Amino acid sequence: MNRRTALIAGGATLLLAGCVTSAPAVDSSGNALPQVYRINAATASEIPFRLLDAVNSLRAARGVQPVSFNAALNAACLTHSRDMAVQNRPWHFGSDGSSPLLRVQRVNYTGTFLGEVISETFQTELETLSAWMKDPDTRAIILDPRARELGFAWYQETSGKIWWTLLTGG
């Protein structure tokens, strides 16, 4: 085998090796298991800004002004994400019966509460945002032209399940 043939054969081997993918994990019934997105310390510091950039890109595409993070809204989101995990259900009411409006009042948010978007998933923040954008109700909250501020937080269980909360205010 000459050098050229060896290079071509080696390149083809690498190309084919790159095409091989591992099979997705399946349960005992053969159903695909969700891919778990593990959030570590390095990723945790990047997540809020990736989400904010993505939200503002979506808003810009619709001609809507950008939003910025509000610490009080972020705190309300974190509290609710942890509470949903405790309740083991994604819904807008806290274990104490609190509504999103009451939660933003509790953190002394001085703006106008506009909306809340929640999710229970194993997916990334951008995959979750994509799912929210497919639903007319959650998309309307994210793209609300009255929104000036955003709160965003999550809680990840040891199983990998993530509870996401996003709040908007004006």
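Sorted from largest down, what three extents in whole angstroms do the Cα atoms of the range 88-129 have along their principal axes?
31, 23, 13 Å, listed from the longest principal axis down.
Give the accessible area for Leu101 in Å² (nearest 10); use a 1.4 Å probe, count only protein heavy atoms, and leave out ligands, DNA and RNA.
Roughly 80 Å² of Leu101 is accessible to a 1.4 Å probe.
At 1.4 Å probe size, with the rest of the protein present, what percent of the exposed accessible area of the range 22-170 is carbon and sulfur atoms?
On the way: 4230 of 7780 Å².
Carbon plus sulfur share of accessible area: 54 percent.
Per q in 0.20 1/Å, what log10 I(q)/I(0) does a Debye calculation on the alpha-carbon atoms of the range 115-170 return?
-0.69
When only the heavy atoms of the protein chains count and the probe is 1.4 Å, how do Asp135, Asp53, Asp144 rank by accessible area, highest first?
Asp53, Asp135, Asp144
Determine the per residue accessible area of the range 55-170 with all protein chains present and a 1.4 angstrom probe, expressed in square angstrom. Intermediate values should be presented prior to the final figure.
Working: 5500 Å² over 116 residues.
It amounts to 47 Å² per residue over the range 55-170.
Got a sec to turn the phi values of the range 106-116 into Karplus ³J(HN,Hα) couplings, 6.51 cos²θ - 1.76 cosθ + 1.60 with θ = phi - 60°, whole Hz, x for Gly and Pro?
4, 8, 6, 5, 9, x, 9, 5, 10, x, 9
Modelling each spin label as a point 7 Å along the Cα-to-Cβ direction, I'd like the Ser29/His92 distance in nm, to one decimal.
The modelled label-to-label distance comes out at 3.1 nm.
In Å, what Rg and Dmax follow from the Cα atoms of the range 24-170?
Calculated on Cα positions, Rg and Dmax stand at 15.4, 51 Å.
The values are calculated or read from the model by the stated rules, or taken from the named source; none is laboratory data. In this text the structure is predicted, and so the values were computed from the model without any measurement. Glycine gets a Cβ as well: all are built from the backbone with ideal geometry, and neighbour counts include every protein chain shown. Protein only, heavy atoms only, side chains kept; ligands, DNA and RNA dropped before computing areas. Shrake-Rupley method; radii C 1.70, N 1.55, O 1.52, S 1.80 Å.
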